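Colleague: The structure that follows is given in the form of structure tokens.
Since every read-out is calculated from the coordinates, none of them should be taken as a lab result. Because the structure is predicted, anything quoted here is derived from the model rather than measured. With ideal geometry, Cβ positions are generated from the backbone for all residues, glycine too; neighbour counts draw on all protein chains shown.
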Amino acid sequence: MKTTIFAFILIFSINLLHAQNGFYVGYENGGKWDQFHYLNSKGYSLNKFQLDGVLGGYIGYRLNKVTFETGFYGYYTSSPSLQYNYATGAIEKTYGCFGSSAMNSWMIPLRFGNEYFFLKDRLFIKPEIAFTTMIARDYSDNQPCGSWGENIFIPGDSTYIPTSADSSKGNCYRSSKINFGVETSLSAGYRFKKRADIYLKATYAAGFSPVYYETITHFSATENVQATKSFNGNSLLMQIGLRFYIGKQ
């Protein structure tokens with residue numbers, strides 16, 4: 001048993017001596033499609049991906065082909081506007097949206113990746129997994145953080161004045177100051193002279209708890225319908241990235 005442990009330590013030490021170790025810094029930006037889910041008391045539901053932006057930087061360490069990274073990103077989020085049918089209760093997609101600073105977040109990842117090279121170590125692909133911390137950029141314990149109306153005038157957060165027979169009112173909430181989640185990603189790129197990378201990166205992010213939600217009331221002459229629209233941190237991201245190694249690899 002002792003011989004086996006000693007052999008493992010010796011092999012690991014030799015690998016470290018021959019590993020291509022080093023620090024690097026990087027920058028990424030691109031698009032982020034946030035998945036919103038709408039559900040009302042008449043049983044109608046709808047999923048809508050809303051396009052927003054992401055940008056940020058990171059620092060990492062490479063141990064042979066394994067990488068460890070952390071960074072700081074700005075996540076922008078807006079809520080999609082949906083078309084409600086007051087006669088049937090059905091909901092439809094539209095192209096509109098609205099947002100505020102209370103919906104935006106800072107994101108800090110802890111990433112682990114592995115690089116695979118082709119064509120004399122010039123082309124590479126890199127799968128990664130990350131544990132993420134999402135921090136509300138503008139959070140207040142006084143909720144709701146906003147409100148909106150359709151065919152109504154809103155003098156305050158709790159009152160409304162209808163301007164037509166059919167109207168809707170929504171209150172917006174940021175669920176907490178901090179949310180946690182995971183990301184899986186795959187990037188493909190080109191390495192220049194073993195010093196710098198340019199790459200494209202696709203990512204799927206999933207949250208552990210709701211990040212943002214709205215409570216909605218649709219008013220009509222026949223009935224009032226309650227609804228919710230929520231964002232749980234589930235997103236698709238497509239980014240372009242640049243990475244520079246501190247010391248030739």
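Colleague: Multiply the residue separation of residue 92 and residue 142 by 0.36 nm, subtract the distance between their alpha-carbon atoms, and state the gained length in nm to one decimal.
Modeller: Details: separation 50, 0.36 × 50 = 18.00 nm, distance 3.13 nm.
Gain on stretching residue 92 to residue 142: 14.9 nm.
Colleague: Applying a 10 Å radius around every beta-carbon, put 136-146, 170-180 in order of their mean neighbour count, most first. Present the calculation step by step, with values, prior to reporting the outcome.
Modeller: On the way: 136-146: 14.4, 170-180: 17.5.
Packing proxy ranking, top to bottom: 170-180, 136-146.
Colleague: Further question on the same structure: On a full-extension model of 0.36 nm per residue, what is the gain between residue 131 and residue 114, subtracting their alpha-carbon distance, rounded to one decimal in nm?
Modeller: Values: separation 17, 0.36 × 17 = 6.12 nm, distance 1.57 nm.
Gain in length upon complete extension: 4.6 nm.
Colleague: Also: Would you kindly compute the Cα radius of gyration of the range 21-245 and its largest Cα-Cα separation (Dmax), both in Å?
Modeller: 21.2, 71
Colleague: Which of the peptides 32-43, 91-102 is most tightly packed, and how do the rest follow, going by the mean number of other Cβ atoms within 10 Å of each residue?
Modeller: Details: 32-43: 17.7, 91-102: 13.7.
So the order, starting with the most tightly packed, is 32-43, 91-102.
Colleague: Let me ask you something else. Using the Cα centre of the chain as the reference point, and only Cβ charges (+1 on K/R, -1 on D/E), how large is the resulting charge dipole? Debye, rounded to the nearest 20. Display every interim value, and only then the final one.
Modeller: Numbers: 23 positive and 17 negative charges, 307 e Å.
With only Lys, Arg, Asp and Glu charged at Cβ, the dipole is about 1480 debye.
Colleague: Related question: Under the rule of -39500 (n - 2.57) per DSSP H run of 4 or more residues, summed and divided by the residues of the chain, what mean residue ellipticity at 222 nm is obtained, to the nearest 500 deg cm²/dmol? Each step should come with its number before you reach the end.
Modeller: Details: 1 runs with 17 residues, N = 249.
Result for the chain, helices only: -2500 deg cm²/dmol.
Colleague: I've got another one for you. Residue 48: which lysines have alpha carbons under 28 Å from its alpha carbon, excluding same-chain residues fewer than 8 sequence positions away?
Modeller: Cross-link targets: 32, 93, 169, 177, 201, 229.
Colleague: Can you give the relative contact order of the chain as a percent, counting alpha carbon pairs under 8 Å and 6+ residues apart? If you can, show how the numbers build up before the last one.
Modeller: Numbers: 646 pairs, mean separation 51.2, N = 249.
Relative contact order for the chain comes out at 21 percent.
Colleague: Hey, what angle do you get for helix 2-18 against the long axis of the chain, alpha-carbon based, 0 to 90 degrees rounded to 10?
Modeller: Around 80 degrees separate the two axes.
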